[in-house]
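Below: the structure, in C-alpha cells.
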Amino acid sequence: MRIGILGTGTLAAALGEGWSRAGHEVSIGGRSQVKAEKLAERLGHGVLAVAPREAVVGRDAVLLAVSWDGVEDMLGLVGASDGLLEGTPLIDPTNAVAHGVGVLLTEHGESMARRIAGLAPGAHVVKAFHLFPADQWASSPGAGAGVDPANVTVAMCGDNSAALHVVGELVRDVGGIPAILGALDRVRQLEEVAGFVIGLAFAGFDPNSAVPRVPSSPVLD
C-alpha cells in the first residue's frame, strides 16, 4: 500500500517503521520539513519525506499522527476541507484528554473522530491505535511495551467497511489483532476508555489490574 503519515512524533516513527518493514510505501509529511527529512532518513526502507499535502494525495491510507490540538491546523495545511481526502481511509489515533488526568476535553457527546470527519469531508475516518503507547509498535511488534503482540487487540470504529478492512490489515502488519467495535456512533466510548487507562496509569495503578479477565465468546457462524 501507499501510506501517508502526517506528523513526525513517536507514533509516526513507530508505525512508519513497522509499515515500511512490511513492504509498504511510506511517505511522511510534517509541519517541519527538516523533521520529516530526519525521520525519513532514520527509518530508511525507502521512506520519503514530502510536503504534507503530497502525503495525502493518492494514498491507500493516511495516519493523522499529531496531537489532538494540532489536528485542525494539520488538516487545514493539507487542504482537507476541499475534499482532498475523499474516499481515503484516515486513521485517527488521537486522545483529547487532560494530561495526567484522563478527562476528555471534547464537548459532551462529541468525539475527536467525529470532529476529524467534519474537518475532512469525504474521508473514511477510522479510530485506531489510540490505546497503546507508541513504543508498543517500535522496532518489532511488542518490543517496546513488553506485551506479546499476539495478545494486542487494536479496537477500531469506523463507518466504511472497506476502510476498516484496510486499517485492519495495517494493524496486522505491526503485530496487532484488529477488533471492529462498530461505527463512529460508538467511537466516543473508545475515547473514554483511553481516558480511563491514562487516568489510572498517572494515578499509579496498573490499568490491566482494573479490567476483569473475561473469556471471549465463541464466534457463531
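Within the range 168-221, which residues are of a type in the set (Lys, Arg) and either closer than 30 Å to ALA61 by Cβ or surrounded by 15 or more Cβ atoms within 10 Å (Cβ to Cβ) (or both)? Residues satisfying the conditions are ARG172, ARG186, ARG188.
Can you tell me which residue among VAL166, VAL171, VAL78 is over 16 Å from VAL197 (Cβ atoms), at pLDDT 95 or above and in contact with an Asp or Glu (Cβ under 8 Å, 6 or more places away or on another chain)? The conditions single out VAL166. Within the range 1-52, the set of residues being farther than 23 Å from TRP68 by Cα, touching a helix residue (DSSP H, G or I) at 6+ places or on another chain (Cβ under 7 Å) and touching a residue at least 60 places away in the same chain (Cβ under 8 Å) comprises ALA22 only.
If the Cβ limit is 9 Å and pairs must be 6+ apart or interchain, which residue in the range 106-122 that is without any contact (Cβ under 8 Å) to a residue 60 or more places away in the chain pairs with which residue that is of a type in the set (S, T, N, Q)? Every condition considered, the pairs that remain are ARG115/THR106; ILE116/THR94; LEU119/SER81; ALA120/SER81; ALA120/THR88; PRO121/SER81; GLY122/THR88.
Any idea which residue in the range 12-29 is surrounded by the fewest Cβ atoms within 10 Å (Cβ to Cβ), counting only those that are assigned to a helix (DSSP H, G or I) and out of contact with any Leu (no Cβ under 8 Å at 6 or more places or on another chain)? In this case the residue turns out to be ARG21.
The values are calculated or read from the model by the stated rules, or taken from the named source; none is laboratory data. These numbers come from a predicted model, not from an experiment. Cβ sites come from the backbone with ideal geometry, for glycine too, and all protein chains shown count toward neighbours.
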